[in-house]
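Each reported figure results from applying straightforward, stated rules to the coordinates on display, with no laboratory input. In this text the structure is predicted, and so the values were computed from the model without any measurement. Here Cβ is always computed from backbone atoms with ideal geometry, including for glycine, and neighbour counts include all displayed protein chains.
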Amino acid sequence: MRTFLSAFHSSVSASRWATPILLFVLFFAVHTSAAQNLGYEGPTGVFVTPLAATAASPAHGAGHPVIAYHVVAGGPVIGTFNTVSFTEGFAKRFEIGYTREDHAAGDTAGLSPLWTDGLNIFHAKAVVVPENAGKTKWVPAIAIGGIARTNDSNVGDGANGQTKTNGDIYLVATKIVTQTKEVPLVLSAGVRGTNASLWGLGGNAPDFEARAFGALGFVFTGPGKSTIILASEAAQQPQRIKFTSSSGATSSALDIPTSIVYAIRVVPSPKHKLNLDAGILQAAGVVATNPGPPVSYVNLKARARFAFGISYGF
């Protein structure tokens with residue numbers, strides 16, 4: 001396990017002040033328009049999985065930017081992650097954006113530095129088939145997208161030659177089922193090719209591999225014409241984290257399970273471009289760190305961790 005540990009240096013106080021300031025600005029900067037929502041890494045989506053939708057924009061030209069803040073309280077081992085995102089839509093079919101992610105380490109000695117202390121995330125998405133294309137009622141929206149992560153500090157200091165970048169390429173289909181009338185459904189499923197462990201939070205995976213993801217949401221009308229969505233999403237993860245020692249030897253450890261999120265999304269008013277998300281993330285509990293024999297285990301204490309997000313479109 002020690003082969004994965006690196007020195008952790010981070011200005012935690014700056015991120016602690018940034019959080020309440022950003023929440024204050026987003027909450028009171030509400031104007032009229034349609035609601036927007038960005039996922040944890042920046043693409044339009046649920047909490048951790050993208051949807052086949054893009055940030056709002058006119059048919060010809062760019063839309064107004066959407067900004068978001070997310071926090072995942074990963075617990076005493078993994079620590080707390082904060083992201084600030086900026087996403088722009090184009091021509092009703094495209095979006096691009098940037099997200100900065102910062103990490104405040106947990107208080108478990110020897111284990112918290114296993115997780116990155118911050119990275120840059122660039123993303124892009126294109127809708128190739130719009131929802132209900134051909135005047136149908138059953139065709140889902142289909143989109144392709146990509147995510148590139150740079151300066152992933154958990155993969156080493158560069159002396160071992162291991163790259164600090166990783167990324168995803170994904171295909172996703174999303175359908176809003178209105179035939180259920182009283183309670184419309186949001187259905188989404190996709191597959192991503194990735195060489196990142198836990199979206200880069202654990203650094204690089206040993207190989208580039210295909211991982212499935214999906215989401216299900218129930219849409220309710222709340223007080224004052226608000227919208228309340230109860231949702232769950234799941235995302236398969238590469239099971240291993242790659243590490244290359246200074247001697248060039250490569251090893252891997254951990255046994256990361258599928259990540260599951262149970263979430264609620266609130267759109268306070270159809271006149272406002274504000275979304276509020278809260279959820280419980282099931283990431284990892286007791287995992288194997290050495291295939292053995294004998295097998296060794298560690299408790300990452302991240303089976304029921306709180307997450308929060310807020311998005312606002314200008």
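Given the pairs LYS125/LYS225; LYS181/LYS273; LYS92/LYS181; LYS135/LYS271; LYS125/LYS301; LYS181/LYS225, which are separated by over 22 angstrom at their Cα positions? Pairs exceeding the cut-off: LYS125/LYS225; LYS181/LYS273; LYS92/LYS181; LYS135/LYS271; LYS125/LYS301. For region 159-201, rounded, prolate or oblate, judged on the Cα gyration tensor with a ≥ b ≥ c (square roots of eigenvalues), a/c < 1.5 rounded, else prolate if a/b > b/c? Taking the square roots of the gyration eigenvalues as a ≥ b ≥ c, region 159-201 is prolate.
Computed FRET efficiency, Cβ-Cβ of ALA59 and VAL183, R0 22 Å: what is it to the nearest 0.05? Once the sixth-power term is evaluated, E becomes 0.10. Whole-Hz Karplus values for region 265-274 come out as 10, 10, 10, x, 7, x, 8, 10, 9, 10 Hz, taken residue by residue from phi with 6.51 cos²θ - 1.76 cosθ + 1.60 and θ = phi - 60°; glycine and proline positions read x.
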